[in-house]
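Asks: Below is a structure I'd like to ask you about.
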2 protein chains.
Amino acid sequence: MPLRDNTEDRILRAATEVFLQHGKDGARMQAIAERAGVNKALLHYYFRSKEKLYQRVIVNLVDHAIKAVLISIPHDGRFRDFLTAFISNYVDHLAATPELIRFVLWEVGSSWRDPEKAATIGTIFKQALERYAGGRNLLLDTIQKAVERGEIRPVDPLHFTISLLAVCVYPFVARPLLEVVFSELDVLSEDFLKARKQELVELLWRGLQPEATNQLWVEEAQS
Amino acid sequence: MPLRDNTEDRILRAATEVFLQHGKDGARMQAIAERAGVNKALLHYYFRSKEKLYQRVIVNLVDHAIKAVLISIPHDGRFRDFLTAFISNYVDHLAATPELIRFVLWEVGSSWRDPEKAATIGTIFKQALERYAGGRNLLLDTIQKAVERGEIRPVDPLHFTISLLAVCVYPFVARPLLEVVFSELDVLSEDFLKARKQELVELLWRGLQPEATNQLWVEEAQS
DNA sequence: GTCTATACCTGGATAGAC
DNA sequence: GTCTATCCAGGTATAGAC
């Protein structure tokens, strides 16, 4: 996200704002031009087409988001600490960037239409992850190791990873639905977010305990 | 979903197919007309506008889906049976209707744009649920009762409900992403679905156990 | 009720002057 | 590099004959 004030960057910033708010189809080149203080012709001069401009914007956004979520996660401590930190981080970041969520939602939704376009958003994520973590998958690895160390019961790392992502993301994705069906609910409120993090750590951590569960105290003593 | 063969119903069926495949914006009135074996003018004759036609289709779809998922859920048995049945039902139904998922995804995504339209898809769900369950919320109630009966530890019913929906829905919603990031993954394969159901029941059920967990055997003996 | 033909609008892209 | 003016495709909606 460059901060210079040349025309190209002004357009890029304007495009980011407009795309975030209206989505790819909803965004109008006219609106982007106005917000950047130029006219439509210049957008094409710099970026050739709406599609190309869009690609630039989305790669920047995903890259930025992935860094923001993963950057402050501990890798070496106990698994429970990792779990707590990841949930807290992820939930907070999701709550803070609702526009980004609907944006990814639009992308995933439309990536279903075109067969080859399906790869697009996925590939953007994959490449951003590789750029950050270099090939290996942080979540899978962390769970795998915790299992091997006997910190948690043997679970399928892939399924648990998916479940972990699921319980964090879902409330924000389904917000328009949930807040109508459960009329008292306010997903973005402080109360809900705080309670959610606690409930999730509690639920998942217990879910990872073996049948006879005094594991907790053993671990406390270890470290 | 009427089965008659008059023009109006033929249009409605054709519209359902086309909307499911292409979404609201992607669908072309021309395509609907062709599939119904009539011409564009007739669509407007019967339904006035694309928007009106679309509303008719979506209400039908949601109504149908909710019935399909909820109809074979036991209400009176033990909580673990309910959990198992719900997960199995829901996952199977989601796996069987991928078009419906992307459709709802589109709707939720676009419901974010217009402030007043936000209510639309939510309201459609709420009304469909009320039509089916008459005011009370099946999931919340079932969890609440299980807590009161001491079958599971005291959890917040709302949070657990959200988590339960989350872990079931997420893999299907995020499929385009997940299948690229985890390259071996095939969400719709028999293997994955079977494993997923088992992992989910296991994870959530353990997550609902109190600290000292011999609860299992007590219950087995009860029934 | 059903067709053909067409009006009319929106929005991305380009030509060409400066 | 930046502007104005314009083109053109794709899409909804309607007029009017049968």
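The values are calculated or read from the model by the stated rules, or taken from the named source; none is laboratory data. Just so you know, these numbers come straight off a predicted model, no measurement behind them. Note that we place each Cβ from the backbone using ideal geometry, even for glycine, and neighbour counts take in every protein chain shown.
Asks: Take region A:2-31 and flag every residue that is surrounded by fewer than 16 Cβ atoms within 10 Å (Cβ to Cβ), modelled with pLDDT of 95 or more and among the basic types (Lys, Arg).
Replies: A:Arg28
Asks: Condition first: of a type in the set (Asp, Glu) and surrounded by 13 or more Cβ atoms within 10 Å (Cβ to Cβ). Now tell me which residues in region A:60-88 satisfy that. Please lay out each step first, then the result.
Replies: At the first step, the residues of region A:60-88 found to be of a type in the set (Asp, Glu) are A:63, A:76, A:81.
The answer is A:Asp63, A:Asp81.
Asks: Helices (runs of 4 or more DSSP H) wholly in region A:1-88 with at least 1 residues that are under 30 Å from A:Arg149 (Cα atoms) - which ones?
Replies: Details: elements: A:7-26, A:29-36, A:40-47, A:50-70.
Counting at least 1 such residues, we get A:50-70.
Asks: Also, quick follow-up: Look through region A:28-79, keep the residues that are more than 19 Å from the chain's Cα centre (by Cα) and within 14 Å of chain B (Cβ to nearest Cβ), and return whichever of them is farthest from DNA strand D (Cβ to nearest atom).
Replies: Among those residues, the one meeting the criterion is A:Ala31.
Asks: Run B:Gly122 past the list (1) facing chain A (nearest Cβ under 9 Å); (2) part of a loop (DSSP other than H, G, I, E, B); (3) free of Cβ contacts under 8 Å to residues at least 24 places away in the same chain and report the number of the one that doesn't hold.
Replies: B:Gly122 satisfies every listed condition except (2).
Asks: Test B:Arg13 against the stated conditions and say whether it is away from every other protein chain (no Cβ under 14 Å) and away from DNA strand D (no atom under 16 Å from the Cβ). Reasoning before the result, please.
Replies: Numbers: away from every other protein chain (no Cβ under 14 Å): yes; away from DNA strand D (no atom under 16 Å from the Cβ): yes.
So B:Arg13 fits the description; yes.
Asks: Now for a separate question. Every residue in region A:166-191 that is crowded, with 18+ Cβ neighbours inside 10 Å and either touching a residue at least 12 places away in the same chain (Cβ under 8 Å) or basic (Lys, Arg) (or both), please.
Replies: Answer for region A:166-191, where residues must be crowded, with 18+ Cβ neighbours inside 10 Å and either touching a residue at least 12 places away in the same chain (Cβ under 8 Å) or basic (Lys, Arg) (or both): A:Val167, A:Cys168, A:Val169, A:Pro171, A:Phe172, A:Val173, A:Arg175, A:Val187.
Asks: Another question, then. Go through region A:17-51 residue by residue and tally those that are over 25 Å from B:Ser111 (Cβ atoms), more than 8 Å from DNA strand C (Cβ to nearest atom) and of a type in the set (Lys, Arg).
Replies: 0
Asks: Continuing with this model, one more query. What residue, of A:Trp106, A:Trp112, is in a loop (DSSP other than H, G, I, E, B), closer than 24 Å to B:Gly109 by Cβ and either hydrophobic (A, V, I, L, M, F, W, C) or within 16 Å of DNA strand D (Cβ to nearest atom) (or both)? I'd like the intermediate steps shown before the answer.
Replies: On the way: A:Trp106 fails: in a loop (DSSP other than H, G, I, E, B).
After applying the criteria, what remains is A:Trp112.
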